[in-house]
Amino acid sequence: MKLCSQDITPDSLSGAIFALEGIRDAAVILNGPTGCKFYHSAISDSQFPRGSSFDPLAYPEQFYFGQPRLPATCLDGYDYVYGSADKLEQILPAAAKGHRLAAVVNSPGAALIGDDLKRLAKKALAGLPCVVLESTGFSGYFAEGFQNALLKVLDCIALERRRKIPGSVNLVGISIYHKYFAGSIKEMKRLLEMCGIEVTAVLCAGDRLRDLQNLPEASLNVVLYPEYGLELARRLYERYDTPYLASEEGPPIGFQATEHFLRKVAGSLGADPSPALQALDRGRAACFQHLSRFHSLTGLPGGNAFSVKADPSTAYALTNWLSSYLGMIPAAVETTQCGRSEFTGKLAALLAGAGLESTLARPVNATAADLVFADGATIAQLKTRHGNCCGIEIALPSLGYIDVAEKSLFGPSGAMMMVEQILNALRFL
């Protein structure tokens, strides 16, 4: 059996759905078979729940199938021949009730039918703004589907250029599909607020439609994950004349990348980063105490082998931090397919500089390492081959651990959490 996991990598359909599901008061309707619904509905509800409880019996309606999110038209063979208009006319008014925005997304198969979704939505929704995605890209990259869907949202709500509010930013390029997205956003807002910088909106990971309508007021668009927001930020600059930046060190994962991020954002806005940098130093001090004690007893974590599977920018930031800060050695670094990224070359140069360029050719799920930073599916695959490794989840799909306390991958909170998980994992090797 081929040792790869590309079959479980989310595509542009998933990217579009999770972009739209990230708008708190939007109703997302899937025009497709039930097989395209269940995973996306489950992930949306677990990552970004809108209710305090979950009872499958509370969602008996025809198109919900016991799930509170992403009602689907349940297309069958008859619909592929004669069209889905009848089912859409039934589902749209009920699903959109109580929401400020509706979105209709075709599955790849439904896109071949040729139904006039815009006409059907206009007729059924009685003036409610509606985003229609006739096609999400036919198995394109997740990031492409994500950014294209958000551009459709901006087209739908028809924003205009506005006067910029000094010292304000939008956070761009993070989705509800990212691990710990809510805690990471909260950490970024906390650090930026220390610098006197206000976050106007997050596009699109938990904000309401009214927040998105304020997007043009921000003085700067800050890209968190470049693969998911850089193209979007460029388009926002063209439309609303809002400048943008993305850190050359990748997302703010680890102390070095976070410090670079804060200095760059604050410098672009003429703000003072020192309060946030002091919080970062407190995190460094807390980690040093535990690392020093652990190292004096075990000699670790320096010299331990680790593997990473992530998007190029995340893989770069994480590999750089683990190598330079903790002295760990990469055994395999695998990047996910998400389109063109400048961090692919930066990662190759980083590893080549240490004489470890061969690690980029090794699949993570077939390479022995003490610690593995990856999605849950990759960790599960590796444990079946090398049972003594310890996995640390940094992406979805998950192994199912229920996070009660809010966590972050970004900033000092994320760095301290990562060090905590590394030290506790190494205790049992």
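The values are calculated or read from the model by the stated rules, or taken from the named source; none is laboratory data. Predicted model only: the values in this text are computed from it and were never measured. Ideal geometry is used to build each Cβ from the backbone, glycine not excepted, and the neighbour counts take in all protein chains shown.
Looking at GLY391, is it small (Gly, Ala, Ser) and over 19 Å from the mean Cα position of the chain (by Cα)? Here the answer is yes, as GLY391 does meet what is asked.
Right, ALA331: in a strand (DSSP E or B), farther than 18 Å from VAL419 by Cβ, assigned by TED's automatic domain parsing to the domain that holds VAL419 and not charged (D, E, K, R) or not?
Numbers: in a strand (DSSP E or B): yes; farther than 18 Å from VAL419 by Cβ: yes; assigned by TED's automatic domain parsing to the domain that holds VAL419: yes; not charged (D, E, K, R): yes.
So ALA331 fits the description; yes.
Let me confirm something: among GLY355, GLY391, GLY376, which residue is exposed (fewer than 14 other Cβ atoms within 10 Å of the Cβ), small (Gly, Ala, Ser) and in the same structural domain as ASN304 (by TED's automatic domain parsing)? None of the others qualify; the one that does is GLY355. Where helices (runs of 4 or more DSSP H) fall wholly inside segment 2-83, no range has 2 or more residues that are at positive phi, touching a helix residue (DSSP H, G or I) at 6+ places or on another chain (Cβ under 7 Å) and aliphatic (A, V, I, L, M). For the subset of segment 270-312 comprising residues that are among the charged types (D, E, K, R) and not in a helix (DSSP H, G or I), which member is surrounded by the fewest Cβ atoms within 10 Å (Cβ to Cβ)? It comes out as ASP272. Please go through (1) part of a helix (DSSP H, G or I); (2) without any contact (Cβ under 8 Å) to a residue 40 or more places away in the chain; (3) surrounded by fewer than 24 Cβ atoms within 10 Å (Cβ to Cβ); (4) not polar (S, T, N, Q) for TYR325 and return the number of the only condition it doesn't satisfy. Among (1) part of a helix (DSSP H, G or I); (2) without any contact (Cβ under 8 Å) to a residue 40 or more places away in the chain; (3) surrounded by fewer than 24 Cβ atoms within 10 Å (Cβ to Cβ); (4) not polar (S, T, N, Q), TYR325 violates only (2). THR378 falls short of the stated requirement of being touching a Pro at 6+ places or on another chain (Cβ under 6 Å) and under 24 Å from ILE329 (Cβ atoms). When SER52 is tested against (1) modelled with pLDDT of 90 or more; (2) surrounded by fewer than 24 Cβ atoms within 10 Å (Cβ to Cβ), exactly one condition is not met: (1).
Of the set (1) modelled with pLDDT under 95; (2) within 19 Å of HIS178 (Cα to Cα); (3) touching a helix residue (DSSP H, G or I) at 6+ places or on another chain (Cβ under 9 Å), all apply to MET418 but (1).
Please verify whether LEU409 is in the same structural domain as GLN337 (by TED's automatic domain parsing), among the hydrophobic types (A, V, I, L, M, F, W, C), buried (at least 21 other Cβ atoms within 10 Å of the Cβ) and over 22 Å from the mean Cα position of the chain (by Cα), treating the condition exactly as stated. For LEU409, the condition - in the same structural domain as GLN337 (by TED's automatic domain parsing), among the hydrophobic types (A, V, I, L, M, F, W, C), buried (at least 21 other Cβ atoms within 10 Å of the Cβ) and over 22 Å from the mean Cα position of the chain (by Cα) - is not met. Just one of the numbered conditions (1) surrounded by fewer than 17 Cβ atoms within 10 Å (Cβ to Cβ); (2) touching a residue at least 40 places away in the same chain (Cβ under 8 Å); (3) among the basic types (Lys, Arg) is not true of ARG340: (2). Filter segment 9-25 down to residues that are surrounded by fewer than 22 Cβ atoms within 10 Å (Cβ to Cβ) and touching a strand residue (DSSP E or B) at 6+ places or on another chain (Cβ under 8 Å) and give me whichever is farthest from GLY137 (Cα to Cα). Residue satisfying both the conditions and the ranking: ASP25.
Within the option set SER413, SER408, being in contact (Cβ under 8 Å) with a residue 60 or more places away in the chain, closer than 27 Å to PHE142 by Cβ and in a loop (DSSP other than H, G, I, E, B) holds for one residue only, SER408. Among the residues of segment 299-321, those that are without any contact (Cβ under 8 Å) to a residue 60 or more places away in the chain and under 25 Å from the mean Cα position of the chain (by Cα) comprise ALA315, THR319. Elements of the type helices (runs of 4 or more DSSP H) sitting completely within segment 108-201 and holding at least 1 residues that are closer than 24 Å to ASN214 by Cα and among the basic types (Lys, Arg): these cover 142-157, 181-194.
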